[in-house]
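Take a look at the structure below.
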Amino acid sequence: MNAHMSDRLASDDAPLLVAEGLGKNYGTRIGCRDVSLEVFPGEVLAVVGESGSGKSTLLGLLSTELAASAGRVSYRMRDGELRDLAGLGPAERRLLMRTDWGFVRQNPADGLRMAVSAGGNVGERLMAVGWRHYGKIREEATDWLGRVEIAADRIDDDPRAFSGGMRQRLQIARNLVTKPRLVFMDEPTGGLDVSVQARLLDLIRSLVSEMGLAVVIVTHDLAVARLLSHRMVVMRHGRVIETGLTDQVLDDPREPYTQLLVSSVLAA
Amino acid sequence: MSAMPEISYNFAYLDEQTKRMIRRAILKAIAIPGYQVPFAAREMPMPYGWGTGGVQVTAAVLGPDDVLKVIDQGADDTTNAVAIRGFFEKTAGVATTTATTEASIIQTRHRIPETALTENQILVYQVPIPEPLRFLEPRETETRQLHALAEYGLMHVKLYEDIARHGHIATTYAYPVEVAGRYVMDPSPIPKFDNPKMDDCPALQLFGAGREKRIYAIPPYTSVRSLDFEDHPFKVQRFAKPCALCAATGVYLDEVILDDRGGRMFVCSDTDFCNDRQEQGHRGEMAAPAGEAA
């Protein structure tokens, strides 16, 4: 663990993911334009903004699920080399996505196989990278269900029998089982009630720090951003209008729009 | 009646251009073992699900000197087998047989004959659903991508689910195989009992799916490995009793219900194999005594 930590610290000064001048047009409409950002190892970056501000488009571009109209995204591979993701072949890109990356979606039904048991869902990535020992796959799946607080006796139930919060936790386990270095999250707490949200955020926060994950999280909920992220970018009309340390942006917003956003949060 | 001209077909029903097209697909399929080659399947004078794909493949490889055998679930005398045998007798005039050893082309539905095949034989399978990943990944665009990149983790998810639910791999037919170390293939709904016979088989194996318009192949002497887990290795079905008619063991048996009081017998599903053994004097517990056989 210590060797692992020092390893990570040593590479902390080099960014993991770099976006330069990223843009996406949907016909004549603009999804997002001229976005440049860097994500460092072990860092949580929140992308906030109102609906339609281009957050999800940006996440799609960063994770190569969408093809960029302009600009490029580079990623530092495990060998330390920064490579342009558009230059990767489909095989390499898919391998990257199912080993070194994770993607937690807002609707768990999009990120899970709903007709496959919880154990199968967690084990899928392991089998995809060549695990062929049932006992070991099951052991690893049980371990991961425990880490996301799902009882071990639910391992053979399929996600349709799970509550919304459990499904979301299962989705997280499924993504983290291959020990990725970068995880994209699209409104992971959306649609959950507040107490479940709080538990989920707590879980994400501890897993992120424990595993030293880098996370790009899209959210419209500033409280989520405050709790999880180190840095944040504020988007409006497809552009990044403000970036900075989370506390700094939320406590002392510079842009009028950010001030409006921060002041719109209801205090309980 | 004499004024009516007799309807005549081209040899083996299909026109020569169609046969050329199918042969090209077959050659490509042989060149890339286990890969599903699309082809322009024709309407055949039989419904989908009755072997339109197999019939087209047979028609394309059939010559006037060939001897054809057709089996359905191992039997030569069931509806599907009789209909297709009759079809080729009428449209190609080829000799037909029920003896596995005498046939040069064997069209089959759901079984591989018990008698070992030879280099001089072609086995043609009727395939309902050629895509092994179909029920795991419904998008055809995605399954093609998975085949192209040899991403077959999903196939093991299915086997994992089997073990999780039943304690063992409960898939008993259409058991997925890896051909020549590359493509994962659906061997058509043969019992997994027959899977080991596909491995290193001297005969050419061709698969035709008419509705889905796909042809694939296993060339002679190609490795065919059934997928499994290290701690749950592939196993074939075992039968507690020998065949009730010919006393054969180590063959695939069909259950036959005899009455409504739980009476049943297990007999060879390969009728030709069973008849041969009975002629050689083997007698199972429910067979008629020698000399009285029907």
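Annotations for the structure displayed:
- Filtering region A:227-249 to residues that are among the hydrophobic types (A, V, I, L, M, F, W, C) and surrounded by fewer than 16 Cβ atoms within 10 Å (Cβ to Cβ) leaves only A:Leu245.
- The number of residues in region A:96-127 being small (Gly, Ala, Ser), closer than 16 Å to A:Met166 by Cβ and touching a helix residue (DSSP H, G or I) at 6+ places or on another chain (Cβ under 6 Å) comes to 5.
- Flag: B:Ile105 matches the condition of being crowded, with 22+ Cβ neighbours inside 10 Å and over 13 Å from B:Gly51 (Cβ atoms).
Quick grid of which residues meet (1) free of Cβ contacts under 8 Å to residues at least 40 places away in the same chain; (2) within 14 Å of another protein chain (Cβ to nearest Cβ); (3) of a type outside the set (Ser, Thr, Tyr):
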residue	(1), (2), (3)
A:Gly80	no, no, yes
A:Val116	no, yes, yes
A:Leu126	no, yes, yes
A:Ser163	yes, no, no
A:Leu192	yes, no, yes
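- Meets criteria (within 25 Å of B:Glu255 (Cα to Cα), small (Gly, Ala, Ser) and touching a Lys or Arg at 6+ places or on another chain (Cβ under 8 Å)) for B:Ala99: yes
Residues checked against (1) modelled with pLDDT of 95 or more; (2) surrounded by fewer than 20 Cβ atoms within 10 Å (Cβ to Cβ):
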| site | (1), (2) |
| --- | --- |
| B:Asp200 | yes, yes |
| B:Gly208 | yes, no |
| B:Lys213 | yes, yes |
| B:Tyr252 | yes, no |
| B:Val256 | no, yes |
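- The condition (being out of contact with any helix residue (DSSP H, G or I) (no Cβ under 9 Å at 6 or more places or on another chain), under 30 Å from B:Ser8 (Cα atoms) and away from every other protein chain (no Cβ under 14 Å)) is satisfied by just one residue among B:Ala103, B:Ala99, B:Ala59, B:Ala95: B:Ala103.
- Residue check, A:Gly135 at the interface with another protein chain (Cβ under 10 Å from one of its Cβ atoms) and part of a helix (DSSP H, G or I): yes
- B:Thr108 vs. criteria closer than 24 Å to B:Pro196 by Cβ, in contact with a strand residue (DSSP E or B) (Cβ under 7 Å, 6 or more places away or on another chain) and outside any loop (DSSP other than H, G, I, E, B): yes
- Cβ-Cβ under 7 Å pairs, at least 6 apart or on other chains, region A:146-161 side at negative phi, far side outside any helix (DSSP H, G or I) and of a type in the set (S, T, N, Q): A:Ile155/A:Ser117; A:Asp156/A:Ser117; A:Asp157/A:Ser117; A:Asp158/A:Ser117
- Entry remark, region B:239-276: residues being over 18 Å from B:Ile190 (Cβ atoms) and part of a loop (DSSP other than H, G, I, E, B) number 16 in total.
- In the condition set (1) among the polar types (S, T, N, Q); (2) in contact (Cβ under 8 Å) with a residue 24 or more places away in the chain; (3) within 12 Å of another protein chain (Cβ to nearest Cβ), A:Ser74 is compliant with all but (3).
- Considering only residues in region B:140-171 that are surrounded by fewer than 13 Cβ atoms within 10 Å (Cβ to Cβ) and away from chain A (no Cβ under 13 Å), the one that is farthest from the chain's Cα centre (by Cα) turns out to be B:Glu140.
- A:Arg147 within 11 Å of another protein chain (Cβ to nearest Cβ) and basic (Lys, Arg): no
- Scanning region A:54-64 for residues that are in contact with a Leu (Cβ under 8 Å, 6 or more places away or on another chain) and part of a loop (DSSP other than H, G, I, E, B) yields a single hit, A:Thr64.
- Qualifying residue in region A:242-257 (condition: of a type in the set (A, V, I, L, M), in contact with a Cys (Cβ under 8 Å, 6 or more places away or on another chain) and in contact (Cβ under 8 Å) with a residue 24 or more places away in the chain): no
- Residue within region A:128-142 that is touching a helix residue (DSSP H, G or I) at 6+ places or on another chain (Cβ under 6 Å) and closer than 17 Å to A:Asn107 by Cα present: no
- Criterion: on the phi > 0 side of the Ramachandran plot, of a type in the set (A, V, I, L, M), surrounded by fewer than 21 Cβ atoms within 10 Å (Cβ to Cβ) and touching a helix residue (DSSP H, G or I) at 6+ places or on another chain (Cβ under 8 Å) - qualifying residue of B:Ala247, B:Ala287: B:Ala247
The values are calculated or read from the model by the stated rules, or taken from the named source; none is laboratory data. What you are looking at is a predicted structure, and each value in this text was computed from that prediction instead of being measured. Positions of Cβ are backbone-derived with ideal geometry, glycine not excepted, and every protein chain shown enters the neighbour counts.
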